[in-house]
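A short write-up of the structure that comes next.
Computed from the coordinates by the stated procedures, all read-outs in this text should not be read as laboratory data. These numbers come from a predicted model, not from an experiment. Cβ atoms come from the backbone with ideal geometry, glycine included; neighbour counts cover every protein chain shown.
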Amino acid sequence: MDLSIKNGDFETGGGGFPLLLDGVGELFQRAAVRLTVPLGAFVYNPRLGSRLKGMAPAAPNFEEDAFSAAQEALLPLEDVSVKSVRLVSEQPPVLGVTMECGGRQTEAEVTLS
C-alpha cells in the first residue's frame, strides 16, 4: 500500500486525507517513479531511475533506445512491462511510455530535457 502522488504532491480525497493505492495502481505509480527519476539521482537508492532523461529525440534509433531504457528501469517490477514508447511532444520533448500490468494499461509521461 502506498500514498497516491499526483503532480508531485500527495493526492487527497474529498475529506482532505491522502488517497491510498494498492495492487495494480500502486505498481503503476512505482513504475512511473522509476521512469521519471534520472538514474542515480536518488541518493538512498542510486539504482532507482531511468536513462530516459537527457535522451535526444533526433538521435538515431531514439525509439528503440528509449524502449530499452524504459524496460531496464522497470526490471525490478516483475509484473509491469513496457508495451510501447512514443514522442508526445517535441518542445519540450516528452516521451509517453505505455505499461501493462494485470491486464490493465496506462501511460506515464517523461520529460526528457
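Listed here are the strands (runs of 3 or more DSSP E) enclosed by the stretch 60-113 that have at least 3 residues being farther than 20 Å from ARG47 by Cα, touching a Lys or Arg at 6+ places or on another chain (Cβ under 9 Å) and free of Cβ contacts under 8 Å to residues at least 40 places away in the same chain: 93-101. Counting the residues of the stretch 38-59 that are polar (S, T, N, Q) and not in a loop (DSSP other than H, G, I, E, B) gives 1. Among the residues of the stretch 28-47, just one is more than 28 Å from GLU90 (Cβ to Cβ) and of a type in the set (A, V, I, L, M), namely VAL43.
Kindly establish whether LEU35 is under 23 Å from PHE10 (Cα atoms) and assigned to a helix (DSSP H, G or I). Yes; evaluated as a whole, the condition is true for this residue. The residues of the stretch 45-62 that are more than 11 Å from LEU112 (Cβ to Cβ) and either aromatic (Phe, Trp, Tyr) or surrounded by 15 or more Cβ atoms within 10 Å (Cβ to Cβ) (or both), listed by number, are LEU48, GLY49. Of all the criteria given as (1) among the small types (Gly, Ala, Ser); (2) free of Cβ contacts under 8 Å to residues at least 40 places away in the same chain; (3) outside any loop (DSSP other than H, G, I, E, B), the one not satisfied by GLY16 is (3). All told, GLY54 falls short of being more than 14 Å from LEU95 (Cα to Cα), among the small types (Gly, Ala, Ser) and either out of contact with any Cys (no Cβ under 6 Å at 6 or more places or on another chain) or touching a residue at least 12 places away in the same chain (Cβ under 8 Å) (or both). Across the stretch 18-35, the qualifying residues are those that are surrounded by 10 or more Cβ atoms within 10 Å (Cβ to Cβ) and of a type outside the set (A, V, I, L, M), and the one among them that is farthest from PRO76 (Cα to Cα) is PRO18.
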